[in-house]
Amino acid sequence: MLTAITQSLLAVIIICLTAFYFFSKHRYGYWKKRGVPQVEEPVLFLGNLSFLMRKSFFDAVYDWTKKYKDEYFGMYFGWTPALIVNNSELAKHVLVKDYDSFQNRFSYSGLDDDPLGSLNLFSVKNPIWTQMRNEISPMFTSARLKGFANLMNSNSAELVRKVQTDFIDNNEPVDFKKLFLMYTSDTVAYTVFGIRVSALKEGMSPLWYITCNMLKWSFWRGLEFTMIFFMPVIAAIFKFKFFSKEATEYVKKLFWDVVNERKKTGLTNDTDLVNLLLKLKDNLKLPAESGTELADNLMLAQAAVFILGSIETSSTTLSYCIHELSHHPEQQEKLYQEVSKALKESGKDILDYNELLELKYLTACIHETLRKYPPVQLLDRACNNTFKWKDLTIESGTPVYVNILGIHYDEEKYPQPDEWRPERFINSSDNDNHDFSFLPFGEGPRFCIGKRYGMTQIRCALAQLITKYRFESDSEYKVVSDPYSVLLTPKYDTKTKIFARS
Ligand code: HEM
């Protein structure tokens with residue numbers, strides 16, 4: 001009897017394993033069958049993502065970029081065949097010219113389980129996305145940005161003061177990443193919630209608490225976030241969340257505290273996101289059955305994604321820029337001379353929005369940093385109509401990833417791409433994507449909505465720091481990136497020695 005059961009069990013296991021073997025063979029032969037270069041042998045379950053949590057996405061994509069020079073190539077993210085695009089012309093089709101075939105992102109969007117994760121502007125799908133994008137765009141008019149620049153300048157002055165008191169006076173090297181997180185957190189507290197707080201001055205603020213929770217890249221949080229972006233089926237099975245539980249609760253609390261306070265006092269702030277979202281709630285055309293919960297969640301989701309979008313990306317860019325300047329004294333001096341000259345000509349202590357925009361070398365230093373260290377390396381889109389380009393056919397449902405890092409390290413466009421040379425961008429403006437070879441903010445209808453805000457925030461801090469201090473590196477040139485974070489961020493503190501300029 002026992003032998004019969006054991007035999008049946010064995011037979012079932014063998015059948016399952018054989019079925020599994022043939023299924024894998026079939027799935028992992030997808031690209032070869034279509035004549036698309038399949039560059040690395042996939043491993044069971046993970047496909048080509050076997051590096052996860054051991055190596056950062058930045059390092060993995062960098063290695064692919066150095067090894068595979070094809071215009072595009074096939075990979076497997078888990079079981080899913082994914083197309084990686086290295087070619088600027090094809091990127092232009094995916095992001096702009098054939099946007100109708102690539103309207104949504106591929107990442108997981110679990111509506112009911114994770115409203116803040118699925119309804120934010122980054123992940124929300126059409127038709128809600130178009131409506132939200134149109135309603136939120138007025139947040140970034142030039143008039144508003146000029147006002148935000150004044151706030152960013154006053155927070156940058158606080159940053160300069162903190163560097164003096166905590167580091168110069170104590171003769172300590174600075175870990176700029178933490179200071180830049182505080183700076184961007186203080187700024188977003190006002191632009192989203194209209195509250196003036198200073199983590200830089202007080203060491204704590206409600207937004208700093210959220211920032212620390214949202215951007216704590218532990219192994220599990222990193223895994224959750226990675227699955228949302230690259231293996232959405234797994235994210236759906238395990239009900240992973242875009243924002244951590246603590247961060248979600250705290251954003252909710254702060255948002256409703258601010259709204260209730262405004263109701264009570266009748267005072268509003270015309271320029272912040274909360275105000276815009278409250279107006280938007282009245283204008284939204286949502287399905288009749290959706291009730292107020294959807295509208296409330298839509299507002300909260302935008303507040304949350306603004307915090308995430310604006311803090312990590314800008315502080316990473318600022319950190320890498322200071323790191324490169326500290327290793328390039330000649331370029332540092334050139335930047336200092338440019339800012340000093342502009343200050344002298346303006347007769348002021350601090351440059352405003354328009355004056356900062358005029359500084360070509362400052363823009364070049366930031367653009368070259370964003371080229372070499374794009375905080376986001378892959379732009380995801382899901383193909384929703386079969387699409388053809390040259391010999392390539394992309395079937396509906398296939399995820400397509402534009403390889404920003406690959407495009408930024410193309411040796412024909414950027415000779416010796418590992419070198420940091422601001423001169424490459426000396427006549428570059430913020431609107432110039434250099435014929436689709438410079439894409440740190442993405443492109444097309446889904447390009448980064450906070451691009452001008454981010455650039456302004458970086459310009460303000462950099463201009464004030466370079467005016468007051470000279471930097472010398474106190475760490476290795478190669479920065480180790482954090483394997484738990486999907487967005488680029490340094491794993492360890494990058495120490496910089498600073499000296500006050502007389
Ligand atoms: C250095 C700074 C920044 C970088 C490098 C950056 C990069 C990006 C990239 C690559 C995308 C995807 C674009 C695409 O798929 O084509 C994106 C989207 C987005 N970013 Fe940024 N970002 C930055 C700053 C900001 C700021 C300051 C905010 C908010 C104030 C923000 C909010 C968003 C949002 C909401 C989206 C989704 C847009 C949509 O799908 O409609 N980002 N960003």
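The values are calculated or read from the model by the stated rules, or taken from the named source; none is laboratory data. Just so it is clear, the model here is predicted, and its values are computed rather than measured. In this analysis, Cβ positions are derived from the backbone assuming ideal geometry, glycine residues included, and neighbour counts consider all displayed protein chains.
Going by the conditions given, is Leu145 modelled with pLDDT of 90 or more, within 16 Å of the ligand (Cβ to nearest atom) and not small (Gly, Ala, Ser)?
yes
Give Lys178, Lys245, Lys252 a once-over and let me know the one that is surrounded by fewer than 19 Cβ atoms within 10 Å (Cβ to Cβ) and under 30 Å from Glu472 (Cβ atoms).
Values: Lys245 fails: under 30 Å from Glu472 (Cβ atoms); Lys252 fails: under 30 Å from Glu472 (Cβ atoms).
None of the others qualify; the one that does is Lys178.
Among the candidates Phe219, Phe193, Phe238, which residue alone is within 16 Å of the ligand (Cβ to nearest atom) and of a type in the set (Phe, Trp, Tyr)?
Answer to the check: Phe193.
When you scan segment 386-465 for strands (runs of 3 or more DSSP E) that lie fully inside it, which ones turn up with 2 or more residues that are within 13 Å of the ligand (Cβ to nearest atom)?
Here the list reads 399-403.
Could you list all residues from segment 482-502 that are farther than 30 Å from Ile228 by Cα and either surrounded by fewer than 15 Cβ atoms within 10 Å (Cβ to Cβ) or out of contact with any strand residue (DSSP E or B) (no Cβ under 7 Å at 6 or more places or on another chain) (or both)? Spell out how you get there, then give the answer.
Going residue by residue through segment 482-502, those that are farther than 30 Å from Ile228 by Cα are 495-502.
The answer is Phe499, Ala500, Arg501, Ser502.
Yes or no, residue by residue, for (1) touching a helix residue (DSSP H, G or I) at 6+ places or on another chain (Cβ under 7 Å); (2) touching a residue at least 60 places away in the same chain (Cβ under 8 Å); (3) under 26 Å from Asn275 (Cβ atoms):
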| residue | (1), (2), (3) |
| --- | --- |
| Pro127 | no, no, yes |
| Thr130 | no, no, yes |
| Phe140 | yes, yes, yes |
| Ala143 | no, no, yes |
| Ala157 | yes, yes, yes |
| Asp166 | no, no, no |
| Lys178 | no, yes, no |
| Gly194 | yes, yes, yes |
| Ser198 | yes, no, yes |
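Please go through segment 165-211 and give me each residue that is assigned to a helix (DSSP H, G or I), among the polar types (S, T, N, Q) and farther than 22 Å from Val259 by Cα, ordered by number.
First, the residues of segment 165-211 that are assigned to a helix (DSSP H, G or I): 165-168, 176-193, 199-202, 206-211.
So of that shortlist, the ones also among the polar types (S, T, N, Q) come out as 165, 184-185, 187, 191, 211.
Those that are assigned to a helix (DSSP H, G or I), among the polar types (S, T, N, Q) and farther than 22 Å from Val259 by Cα: Thr165, Thr184.
Listed here are the residues, each with its yes/no results for (1) basic (Lys, Arg); (2) within 13 Å of the ligand (Cβ to nearest atom); (3) without any contact (Cβ under 8 Å) to a residue 40 or more places away in the chain; (4) closer than 27 Å to Val376 by Cα.
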position	(1), (2), (3), (4)
Asp257	no, no, yes, no
Asn269	no, no, no, no
Asp272	no, yes, no, yes
Leu278	no, no, yes, no
Asn297	no, no, no, yes
Leu308	no, yes, no, yes
Glu312	no, yes, no, yes
Tyr336	no, no, no, no
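Looking only at segment 372-392, how many residues end up being crowded, with 24+ Cβ neighbours inside 10 Å and hydroxyl-bearing (Ser, Thr, Tyr)?
1
For Leu151, indicate whether it is under 30 Å from Gly78 (Cα atoms), buried (at least 17 other Cβ atoms within 10 Å of the Cβ) and within 16 Å of the ligand (Cβ to nearest atom).
Spelling it out, it is not the case that Leu151 is under 30 Å from Gly78 (Cα atoms), buried (at least 17 other Cβ atoms within 10 Å of the Cβ) and within 16 Å of the ligand (Cβ to nearest atom).
Could you please give the count of residues in segment 415-436 that are buried (at least 16 other Cβ atoms within 10 Å of the Cβ) and within 18 Å of Gln377 (Cβ to Cβ)?
Residues that pass the stated criteria total 5.
Being surrounded by fewer than 23 Cβ atoms within 10 Å (Cβ to Cβ) and either out of contact with any Leu (no Cβ under 7 Å at 6 or more places or on another chain) or within 10 Å of Pro115 (Cα to Cα) (or both) is the filter here, so list the residues in segment 296-307 that pass it.
Scanning segment 296-307 gives Asp296, Asn297, Leu300.
Which condition number does Thr369 fail, the rest of (1) touching a residue at least 60 places away in the same chain (Cβ under 8 Å); (2) buried (at least 21 other Cβ atoms within 10 Å of the Cβ); (3) among the hydroxyl-bearing types (Ser, Thr, Tyr) being met?
(1)
Is it the case that Tyr453 is crowded, with 23+ Cβ neighbours inside 10 Å, touching a residue at least 60 places away in the same chain (Cβ under 8 Å), more than 23 Å from Met139 (Cβ to Cβ) and hydroxyl-bearing (Ser, Thr, Tyr)?
No, not satisfied.
The conditions are (1) modelled with pLDDT of 95 or more; (2) under 23 Å from the mean Cα position of the chain (by Cα), and Arg470 fails exactly one of them. Which is it?
Status for Arg470: all satisfied but (2).
If you check Ser107, Ser88, which single one turns out to be under 21 Å from the mean Cα position of the chain (by Cα), among the hydroxyl-bearing types (Ser, Thr, Tyr) and within 13 Å of the ligand (Cβ to nearest atom)?
Ser107
Can you name the condition, by its number, that Ile15 falls short on among (1) surrounded by fewer than 19 Cβ atoms within 10 Å (Cβ to Cβ); (2) within 29 Å of the chain's Cα centre (by Cα)?
(2)
Just to be sure, is Lys279 modelled with pLDDT of 90 or more and assigned to a helix (DSSP H, G or I)?
no
Between residues in segment 38-50 that are in contact (Cβ under 8 Å) with a residue 60 or more places away in the chain and residues that are of a type in the set (Gly, Ala, Ser), which pairs lie under 9 Å by C-beta distance while being six or more apart or on different chains?
Correct list of pairs: Leu49/Ala60; Leu49/Gly78.
For (1) within 22 Å of Val400 (Cα to Cα); (2) of a type in the set (D, E, K, R), each residue gets a yes or a no:
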position	(1), (2)
Ile5	no, no
Ser8	no, no
Cys16	no, no
Gly35	yes, no
Glu40	yes, yes
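Taking the conditions exactly as written (within 13 Å of the ligand (Cβ to nearest atom) and hydrophobic (A, V, I, L, M, F, W, C)), does Ile228 satisfy them or not?
On the way: within 13 Å of the ligand (Cβ to nearest atom): no; hydrophobic (A, V, I, L, M, F, W, C): yes.
Considered against the rule, which asks whether it is within 13 Å of the ligand (Cβ to nearest atom) and hydrophobic (A, V, I, L, M, F, W, C), Ile228 comes out as no.
Can you tell me which residue among Leu223, Leu254 is farther than 29 Å from Phe148 by Cβ and part of a helix (DSSP H, G or I)?
Leu223
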